[in-house]
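Asks: Have a look at the structure that comes next, please.
All of the numbers you see were taken from the coordinates with simple rules; none came from a lab. Since the structure is predicted, the reported quantities are computational estimates derived from the model, not experimental observations. Here Cβ is always computed from backbone atoms with ideal geometry, including for glycine, and neighbour counts include all displayed protein chains.
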Amino acid sequence: MDRIVIPCSDDDSCRLPSDNFHQCLLCTNAHSSIVGRLDDIDQELSGKILHREVAVAQLASYKREYEMTRQGIGKLTVEMLMEHYEKHRLNTKGELAREIMYTQTLQTVYREKAIGSHSSTQGLAVNRVAIAEWLKLSKHKVEMLKTYNVMQRHATNQTTTQNATPYEFN
Ligand SMILES: [Zn+2]
């Protein structure tokens, strides 16, 4: 089987995320309602404020809940929350947004560097291969945008429903 060897500068960058899953309190309790509420905070705030600020809000919420219910999954820190939500868990909407931006950047490069070149002697030269690649990227981006918009609408609907029936702490 073919292998790709990636040179690493230190141990940490060499480690695959799955190596840490079994040590992570949030991963081992991923299906609990407590982690579910932390997931909701991540979904609501990520992309709007800094990663660290999301983790601070999650920790504050976790502590409040623990004080009221005496139920928790153990001692959490901002660093543990950041590690889990950045490296162990796939934020589909965030990933998709990054993928769309990357495709957009590639398209810009194709448009500016590869598709056409102008010279005073030969006029405008158009590169058919580059146009075909650009069109592929364009279709790919439009498909991703459709999915992103559906997710966005779904998230907005959820927020509206949640506002109509606020979550009650007993
Ligand atoms: Zn984790």
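Asks: For the stretch 16-89, what does the relative contact order come out to in percent, with C-alpha contacts under 8 Å and a separation of six or more?
Replies: Relative contact order here is 41 percent.
Asks: So if I place +1 on the C-beta of Lys and Arg and -1 on the C-beta of Asp and Glu, and nothing else carries charge, what would the dipole magnitude of the stretch 55-160 be about its Cα centre? I want it in debye, nearest 20.
Replies: Computed charge dipole of the stretch 55-160: roughly 220 debye.
Asks: Just to be sure I understand the model, the point goes 7 Å from the Cα along the line to the Cβ. What's the resulting residue 28 to residue 67 distance in nm?
Replies: About 2.7 nm separates the two model spin labels.
Asks: Go through 116-122, 141-147 and give me the packing order, highest mean Cβ count within 10 Å leading.
Replies: Highest mean packing first, the order is 141-147, 116-122.
Asks: Taking K and R as +1 and D and E as -1, what net charge do the other residues with C-beta under 13 Å from the C-beta of residue 84 add up to?
Replies: Surrounding charge for residue 84 is -3.
Asks: Taking 0.36 nm per intervening residue step and subtracting the Cα-Cα distance, what contour gain separates residue 92 from residue 147 on full extension?
Replies: Taking 0.36 nm per residue and subtracting the Cα distance, the gain is 18.7 nm.
Asks: Hey, another quick one. Taking a threshold of 31 Å on the Cα-Cα distance, which of the pairs 113/141; 63/146; 48/141; 87/113; 63/141; 75/141 fall above it?
Replies: Beyond 31 Å: 63/146; 87/113; 63/141; 75/141.
Asks: Give the relative contact order (percent, whole number) for the stretch 75-138; include only Cα pairs under 8 Å separated by 6+ residues.
Replies: 24 percent
Asks: Take the alpha-carbon centre of the stretch 117-135, take the same for the stretch 59-80, and report the distance between them in whole Å.
Replies: What the calculation gives is 59 Å, centre to centre.
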